[in-house]
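Colleague: The structure follows.
Where a number appears in this text, it was derived from the coordinates with a stated rule and is not lab data. Predicted model, so just to flag it, every value in this text is computed and none were measured. Neighbour counts run over all protein chains shown; Cβ positions are idealised from the backbone, glycine included.
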Amino acid sequence: MKQVTAILGAGLLGMAACAPLPMDPVSIPTGPYGAPQSAPVLTNDGSPQSAARMFVAVMRRMEPAVERECLQRRTQPINCDFQFVVDDRPGQETNAFQTIDATGRPIIGFTLPLIAQTRNGDEIAFVVGHEASHHILNHLDRKAGAAAAGAVILGSIASVYGNNPEAIETAQRIGASVGSRYYSRDWELQADYLGAIMTLNAGFDPINGSLFFERIPDPGDHILGTHPPRAARLAQVRRAVADVQSGRIR
């Protein structure tokens, strides 16, 4: 691991904001048949110091696992040199996100409330695997394509009923939102599946990690909800683990 660029306040690690947090990679030891050995048990006792130690320990195992999986599974010539950042801006919600910088380098971000609310290393590892999966599965580009298609379709429908440019523009904005959200639940489940596999391959327990879903609001099964219901996500993680254990997928 090259480094985690940490935007961390003194409350977490006592480091200056924007200071790089160097972290040397660790080789993930393997047991019989090349299976990864379980990671050490990592828990968060609620203190900032405990949360920081847990986060750093997890990232030391997850970054090499994520980058290895990215190189092996990518279907496009995407950049697999991940950069991980922590957002310590005040007032942030419990959240993790995936984006890319101007050079195409993938960035995985975590807010401090998310790190603080995770109870163990399995939960952090699963969040890392899930967010990295969005990049490996090319969801960012596919979401942009879905939004564009939705805008074109709804804009075309609006134009049939009149030639009002403002009405057409409004319809295109609505269409873009509907287009991207319509597909997002399937993509979240895909990221849960691959994220669970990467978590397992790094030596963590994705089923235990996915219990984090039980402490955040359940989005239910709304037609245009951006996330699938909790039960579907938990089932997807169990399915991924069962597939690995049965040898159907690595």
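Colleague: Measuring from label point to label point, each 7 Å out along Cα→Cβ, what is the ASP243 to ASN79 span in nm?
Modeller: Result for the modelled spin labels: 2.9 nm.
Colleague: Here is a further query. Evaluate E = 1/(1 + (r/R0)^6) for ARG89 and LEU234, where r is the Cβ-Cβ distance and R0 equals 35 Å; express this FRET efficiency to the nearest 0.05.
Modeller: Details: r = 31 Å, r/R0 = 0.88.
The calculated FRET efficiency here is 0.70.
Colleague: Next up: For ALA96 and SER38, what is the calculated FRET efficiency with R₀ set at 25 Å and r taken between the beta-carbons, to the nearest 0.05?
Modeller: Working: r = 23 Å, r/R0 = 0.93.
So the FRET efficiency works out to roughly 0.60.
Colleague: Separate question: Would you mind checking which residues have amide H under 5 Å from ASP87's amide H? H placed 1.01 Å from N; only 5 or more apart, or other chain.
Modeller: HN-HN under 5 Å from ASP87: PHE110, THR111, LEU112.
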